[in-house]
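Just below is one structure, and these are the notes that go with it.
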Amino acid sequence: MKSCGFCSQRMNGLHPDPDPPSGICESPGSTASPFRMSGEEQPTVDTEQEQEPPAGDGGEKVVEQEVFTYRSLVLTGYGGYDKVRLQLKQGRPAPGGGEVAVRVRACGLNFSDLMARQGLYERLPTPPVTPGMECAGLVEAVGEGVEDRRVGDRVLVVAKCGLWQEMVLAPADHTFPMPEGMSYEEGAALPINYVTAHMMLFHMANVRAAQSVLVHMAAGGVGIAATQLCQTVKDVTVFGTASASKHEAIKEGGVTHPIDYRTTDYVEEIRKISPKGVDVVLDPLGGSDTQKGFNLLKPMGTLIMYGSANRLSGQKKNLLAVAKTWYNQFSINALSLMHANKAVCGFHLGYLDDFDLTAQVMNVLLELYAQGKIKPRIDSTYHFEQVSDAMRRMQERHNIGKVVLLPEPKPEEDQKESQKDDKNEEDQKNEDPKEEAKQEDAVKPEES
Ligand SMILES: NC(=O)c1ccc[n+]([C@@H]2O[C@H](COP(=O)([O-])OP(=O)(O)OC[C@H]3O[C@@H](n4cnc5c(N)ncnc54)[C@H](OP(=O)(O)O)[C@@H]3O)[C@@H](O)[C@H]2O)c1
């Protein structure tokens with residue numbers, strides 16, 4: 001069994017068939033294993049129901065177990081969208097000392113979940129494993145020694161993985177009370193995107209009044225968070241790259257200069273507006289874009305490398321995109337940095353093991369939310385059984401803001417509707433087989 005070291009999620013024996021047929025699959029006899037920190041075996045509390053004995057059996061009481069089940073998304077192997085499956089786990093999760101049990105109402109989908117599905121995100125344990133780094137829900141039980149959380153509290157939960165489940169266990173200090181007025185969807189959309197953006201802008205780059213910031217993927221979760229946080233500082237200019245169809249939305253959200261990176265050279269566009277370049281570059285792309293970002297920095301400027309989205313191209317791992325990104329990856333020695341008067345930083349929340357830092361930033365962010373200074377933008381919500389559609393939406397670049405997953409089952413009427421939609425889509429694809437291939441290949445233009 002491999003563990004992410006942070007959540008020590010125990011998957012042993014949970015998924016007897018790592019590649020079950022699609023749809024919901026039960027894991028019979030499995031013990032509950034939602035996210036938790038300790039390495040101990042997970043206690044479970046099954047409800048027992050006494051029933052009247054059947055007539056003529058001598059009168060002994062038959063005790064029948066009513067097994068508690070909960071829905072969980074499981075990455076069953078690396079590959080396409082169908083590798084994430086909905087499974088039913090058994091046994092009511094019981095919090096240990098210092099823990100709470102949370103009934104999850106909404107979970108965040110992150111770009112790293114797409115990378116993880118292709119085997120490109122090394123912070124997730126090997127499958128079968130439940131992904132999910134953020135969720136929002138209701139405290140359903142508290143363990144011994146927990147004093148500052150009560151049953152019924154609305155909380156956000158942050159973890160390295162394991163939160164795409166209807167029930168999770170978490171250390172109480174990894175949960176954060178939700179401010180009044182915050183929806184579960186907003187709660188699930190806040191932690192990863194906003195902590196990342198906040199730490200980069202204010203802990204690493206120290207953005208100050210009248211500076212300029214280049215935000216790539218400006219219509220995505222981190223992009224929108226970074227744009228909103230830039231607006232908490234006076235007169236900051238934001239250059240934001242995104243597909244043209246998203247420009248109106250990001251401009252409304254605070255991007256000063258939206259740039260369509262698909263049809264124009266963003267370096268040239270920025271130089272036209274600001275010949276000296278920019279003070280801060282947030283780089284989630286990697287490959288040749290890091291070099292471009294570095295060149296765009298003004299003296300005393302800071303580039304923060306925090307992702308390599310260029311490695312993702314198509315539904316399954318694309319070795320050419322991975323190799324090309326690696327081959328073009330920017331590197332620099334310290335002496336050249338000194339001569340350039342520039343800073344290059346790296347940020348990766350998944351590798352930040354000091355949770356106190358994350359907690360401090362979470363508290364600042366929740367205060368900013370309460371003051372109305374930040375507000376996650378929800379692009380769309382999908383029930384667990386629609387997780388493929390959710391991933392597809394992000395991967396095919398349709399989202400503006402956060403894609404959120406809902407553990408609760410999709411209402412039956414909606415299911416019928418979507419079955420109809422799926423059938424129509426299927427019929428269309430059968431009529432035009434090229435359409436599906438076209439969608440799969442919806443990738444960014446070639447890197448130079
Ligand atoms: N280091 C960290 O701790 C950390 C934490 C969170 C996120 N990140 C990184 O931040 C970046 C944004 O993450 P997010 O969760 O906020 O996702 P997101 O921005 O919502 O991702 C989807 C959007 O990214 C754009 N995009 C650019 N390249 C893409 C590609 N190769 N495939 C699909 N879409 C692409 C598309 O918008 P357009 O149509 O506008 O191109 C798409 O709609 C990712 O690189 C992620 O790995 C890093």
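The values are calculated or read from the model by the stated rules, or taken from the named source; none is laboratory data. What you see is a predicted model; the values in this text were computed from it and never measured. All Cβ positions, even for glycine, are placed from backbone atoms using ideal geometry, and neighbour counts span all protein chains on display.
Summary of computed values
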quantity: Residue ID - farthest from the ligand (Cβ to nearest atom), chosen from residues in the range 84-100 that are surrounded by fewer than 24 Cβ atoms within 10 Å (Cβ to Cβ) and part of a strand (DSSP E or B); calculated: GLN90
quantity: Selection from the range 265-287 of residues that are within 16 Å of the ligand (Cβ to nearest atom) and within 18 Å of ASN310 (Cβ to Cβ); calculated: ASP265, TYR266, VAL281, LEU282, ASP283, PRO284, LEU285, GLY286, GLY287
quantity: Residue check for GLY181: within 20 Å of TYR369 (Cβ to Cβ), in a loop (DSSP other than H, G, I, E, B) and either more than 14 Å from the ligand (Cβ to nearest atom) or without any contact (Cβ under 8 Å) to a residue 60 or more places away in the chain (or both); calculated: yes
quantity: Of all residues making up the range 364-398, the number that are within 14 Å of the chain's Cα centre (by Cα), within 16 Å of LYS410 (Cβ to Cβ) and outside any helix (DSSP H, G or I); calculated: 3
quantity: Residue selected from the range 101-125 under the condition within 16 Å of the ligand (Cβ to nearest atom) and among the small types (Gly, Ala, Ser), by the criterion nearest to the chain's Cα centre (by Cα); calculated: GLY108
quantity: Checking ASP113 against (1) free of Cβ contacts under 8 Å to residues at least 40 places away in the same chain; (2) among the charged types (D, E, K, R); (3) part of a helix (DSSP H, G or I), the condition it does not meet; calculated: (1)
quantity: Cross-chain or 6+ apart pairs with Cβ under 6 Å, the range 206-235 first and at positive phi, then part of a helix (DSSP H, G or I) and modelled with pLDDT of 95 or more; calculated: MET217/GLY223
quantity: Hey, VAL364 buried (at least 20 other Cβ atoms within 10 Å of the Cβ) and more than 15 Å from the ligand (Cβ to nearest atom) or not; calculated: no
quantity: Candidate set from the range 283-316 (those that are touching a Leu at 6+ places or on another chain (Cβ under 7 Å) and hydrophobic (A, V, I, L, M, F, W, C)); member that is farthest from MET200 (Cα to Cα); calculated: LEU312
quantity: Residue list for the range 301-318, restricted to those being more than 9 Å from the ligand (Cβ to nearest atom) and either among the polar types (S, T, N, Q) or without any contact (Cβ under 8 Å) to a residue 12 or more places away in the chain (or both); calculated: THR302, GLN315, ASN318
quantity: Considering residues of the range 130-147 that are hydrophobic (A, V, I, L, M, F, W, C) and buried (at least 21 other Cβ atoms within 10 Å of the Cβ) only, the residue nearest to the chain's Cα centre (by Cα); calculated: MET133
quantity: Pick from the range 306-336, criterion of a type in the set (Lys, Arg) and not in a helix (DSSP H, G or I), ranking: surrounded by the most Cβ atoms within 10 Å (Cβ to Cβ); calculated: LYS317
quantity: Residue count, the range 232-252 (criterion: more than 19 Å from ILE270 (Cα to Cα) and either within 13 Å of the ligand (Cβ to nearest atom) or in contact with a Leu (Cβ under 6 Å, 6 or more places away or on another chain) (or both)); calculated: 2
quantity: HIS398 being free of Cβ contacts under 8 Å to residues at least 40 places away in the same chain and within 26 Å of ARG71 (Cα to Cα); calculated: no
quantity: Residues (touching a Lys or Arg at 6+ places or on another chain (Cβ under 9 Å) and β-branched (Val, Ile, Thr)) located in the range 359-414; calculated: ILE378, VAL387, ILE400, VAL403
quantity: Residues that are of a type in the set (D, E, K, R) and assigned to a helix (DSSP H, G or I), drawn from the range 157-178; calculated: ASP173
quantity: Counted residues, the range 320-361 - those being aromatic (Phe, Trp, Tyr) and more than 12 Å from the ligand (Cβ to nearest atom); calculated: 4
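For every residue, the table says whether it meets (1) away from the ligand (no atom under 16 Å from the Cβ); (2) part of a strand (DSSP E or B); (3) in contact with a Pro (Cβ under 8 Å, 6 or more places away or on another chain).
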{"residue": "PRO131", "(1), (2), (3)": "no, no, no"}
{"residue": "CYS135", "(1), (2), (3)": "no, yes, no"}
{"residue": "GLY145", "(1), (2), (3)": "yes, no, no"}
{"residue": "ASP148", "(1), (2), (3)": "yes, no, no"}
{"residue": "VAL155", "(1), (2), (3)": "yes, yes, yes"}
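Results for (1) near the ligand (Cβ under 10 Å from one of its atoms); (2) closer than 29 Å to SER380 by Cα, shown as yes or no for each residue.
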{"residue": "THR196", "(1), (2)": "yes, yes"}
{"residue": "ALA205", "(1), (2)": "no, no"}
{"residue": "LEU214", "(1), (2)": "no, yes"}
{"residue": "ALA219", "(1), (2)": "yes, yes"}
{"residue": "ALA225", "(1), (2)": "yes, yes"}
{"residue": "CYS230", "(1), (2)": "no, yes"}
